[in-house]
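Just below is one structure, and these are the notes that go with it.
The values are calculated or read from the model by the stated rules, or taken from the named source; none is laboratory data. Computed from a predicted model, the values in this text were never measured in an experiment. All Cβ positions, even for glycine, are placed from backbone atoms using ideal geometry, and neighbour counts span all protein chains on display. Note: areas computed on protein heavy atoms with side chains; ligands, DNA, RNA excluded. Shrake-Rupley method; radii C 1.70, N 1.55, O 1.52, S 1.80 Å.
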Amino acid sequence: MTPADRDRFEKCLALAAQGATAGERAAARAAAERIARGAGMTLAEAAEALRRDGQASADRAPRPPPPRRPYPWAQPRAPVTPITVEELLRQKAETEAWRKRSAAAADRRRKRERADENAYVAEQRARQAQRDRTGRRPRGSPARRATRLSAGRPAQR
């Protein structure tokens with residue numbers, strides 16, 4: 001029986017002896033029998049072998065567990081060093097410089113956008129002025145009304 005099987009078998013026997021319900025104890029006993037059968041033994045033979053191994057291991061001195069390596073997040077943190085006034089002033093100057101650069105870049109971008117918009121607006125105004133000079137007269141103009149009235153019948157005075 002492998003050490004893993006032996007451990008599982010021991011746990012199943014403990015559960016078969018001390019289970020909370022009869023069904024739990026019966027299931028644990030069936031599992032222990034399957035493990036013993038897998039090792040080529042009966043339940044009684046496997047229990048006896050486990051008892052002998054337990055006595056032999058109890059005679060030997062117990063080994064201490066291997067030392068645990070702590071996880072990186074379990075390491076103690078480095079002590080915090082207080083920040084100096086000079087460092088605060090340097091950080092503030094860096095932040096202000098960044099804000100100025102950012103604002104200048106935004107201004108340049110807005111000027112480019114405004115120039116494009118102004119060029120478009122000027123072009124549209126020029127087109128509209130051209131249409132106004134050469135285009136039709138407005139709908140309600142007296143000359144247009146006279147033309148409309150005289151079309152097809154004589155003008156009355």
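Among what's in segment 44-82 and is open to solvent by less than 90 Å² (accessible area, probe 1.4 Å) and either in contact with a Phe, Trp or Tyr (Cβ under 8 Å, 6 or more places away or on another chain) or of a type in the set (Val, Ile, Thr) (or both), pick the residue that is modelled with the highest pLDDT. Out of the qualifying residues, it is Ala46. For Trp98, the test of being modelled with pLDDT of 90 or more, of a type in the set (Phe, Trp, Tyr) and open to solvent by 100 Å² or more (accessible area, probe 1.4 Å) is passed.
Keeping to segment 28-43, report how many residues are open to solvent by less than 80 Å² (accessible area, probe 1.4 Å) and touching a helix residue (DSSP H, G or I) at 6+ places or on another chain (Cβ under 8 Å).
Taking segment 28-43 as the starting set, the residues that turn out to be open to solvent by less than 80 Å² (accessible area, probe 1.4 Å) are 28, 30-33, 35-36, 38-43.
From the residues that got through so far, the ones that are touching a helix residue (DSSP H, G or I) at 6+ places or on another chain (Cβ under 8 Å) too are 28, 31-33, 35-36, 38-39, 41-43.
Residues that pass the stated criteria total 11.
For segment 80-102, the condition of being part of a helix (DSSP H, G or I) and within 30 Å of Pro3 (Cα to Cα) holds for none of the residues. The residue of segment 1-27 that is modelled with the highest pLDDT, among those that are surrounded by 13 or more Cβ atoms within 10 Å (Cβ to Cβ) and not in a helix (DSSP H, G or I), is Gly19.
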